Amino acid sequence: MNDILVMNQIEKKFGKGHTEVTALKGIDFTVKAGEFISIIGPSGSGKSTFLTIAGGLQNPTSGEILINQTNFTRLSEKQRSKLRFKEIGFILQSANLIPFLKVKEQFYLVDKVTGRKKEEAYMEELLESLDILKLKDKYPRDLSGGERQRVAIGRALFNQPSLILADEPTASLDTDHAYEVVKLLVKEAHEKQKATVMVTHDSRMVQWSDRIYRMEDGRLLEEK
Ligand SMILES: Nc1ncnc2c1ncn2[C@@H]1O[C@H](COP(=O)(O)OP(=O)(O)O)[C@@H](O)[C@H]1O
Ligand SMILES: [Mg+2]
């Protein structure tokens, strides 16, 4: 009932003929509100392909995806990007900040686009919990890689999406900050009922997960 993301028999092929690669081989996957799910697996196993398809950034070759009961695969490109903006928070390996905006302005942009009032208190709460509140008037070029990544995480959470998709979110962080960031994502999932999927190759980061899967050559296997 409170399934946020449902994927049925998802297959993804790249290329044609003798160069064809099947990156995902018939994946069934469901995440409910409030669940924190981790997916581990080696480089090239299909983790990023899985996550971008889950979030509608690319289409599967076959299979269907439902986000909050809406069949994503049947929407037009325009409807899809609207749903994506409203319901999904992406956290990518590199931070993707806007270079000419200060940290706090990266957040206000969301308020502006969504037409809601400036939620300054919530922004400050997020920045504080990410240990970057003192950086709010700085530009991305004045931040370290890890600080930039924490801003990007705060910005994804700030939009209050129902689904959070994180692709190696701790890759550019030192161990202490990596743990902090994962714990924050877990806390957000549990306390604010966010369905969260984190992809990582760092097995130290998955200890707080409700379920752990392993991606192996395009197949998703639940870890026991
Ligand atoms: N746009 C693409 N075109 C062709 N092959 C791709 C593309 N994206 C991914 N692949 C292939 O799909 C497989 C899975 O890649 P990826 O999802 O990036 O794995 P991971 O994130 O686990 O490292 C790899 O064999 C990769 O080369
Ligand atoms: Mg990847």
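A few notes on this one:
- The residue of the stretch 105-116 that is least open to solvent (accessible area, probe 1.4 Å), among those that are of a type outside the set (S, T, N, Q) and out of contact with any helix residue (DSSP H, G or I) (no Cβ under 7 Å at 6 or more places or on another chain), is Asp111.
- Residue match in the stretch 176-197 (condition: under 20 Å from Gly55 (Cβ atoms) and exposed (fewer than 15 other Cβ atoms within 10 Å of the Cβ)): yes
- Once the stretch 23-44 is narrowed to residues that are more than 17 Å from Arg84 (Cα to Cα) and small (Gly, Ala, Ser), the residue that is most open to solvent (accessible area, probe 1.4 Å) is Ser43.
- Residues of the stretch 155-170 satisfying the condition of being surrounded by fewer than 22 Cβ atoms within 10 Å (Cβ to Cβ) and within 16 Å of ligand 1 (Cβ to nearest atom): Asp167, Glu168
- Of all residues in the stretch 117-137, those satisfying the criterion of being of a type in the set (D, E, K, R), closer than 12 Å to Phe158 by Cβ and surrounded by 14 or more Cβ atoms within 10 Å (Cβ to Cβ) are Glu119, Glu124, Glu125.
- Of all residues making up the stretch 86-134, the number that are part of a helix (DSSP H, G or I) and in contact (Cβ under 8 Å) with a residue 60 or more places away in the chain: 2
- Hits in the stretch 1-22 - residues which are within 23 Å of Ile88 (Cα to Cα), open to solvent by 10 Å² or more (accessible area, probe 1.4 Å) and in contact with a strand residue (DSSP E or B) (Cβ under 7 Å, 6 or more places away or on another chain): Asn2, Asp3, Ile4, Val6, Asn8, Gln9, Glu11, Lys12
- Test: residue in the stretch 45-60 that is buried (at least 16 other Cβ atoms within 10 Å of the Cβ), of a type in the set (D, E, K, R), away from ligand 1 (no atom under 16 Å from the Cβ) and under 25 Å from Asp210 (Cβ atoms): no
The values are calculated or read from the model by the stated rules, or taken from the named source; none is laboratory data. From a predicted model like this one, the values you see are computed outputs, not experimental measurements. Neighbour counts run over all protein chains shown; Cβ positions are idealised from the backbone, glycine included. Just the protein is used for accessible areas: all its heavy atoms, side chains included, with ligands, DNA and RNA removed. Shrake-Rupley method; radii C 1.70, N 1.55, O 1.52, S 1.80 Å.
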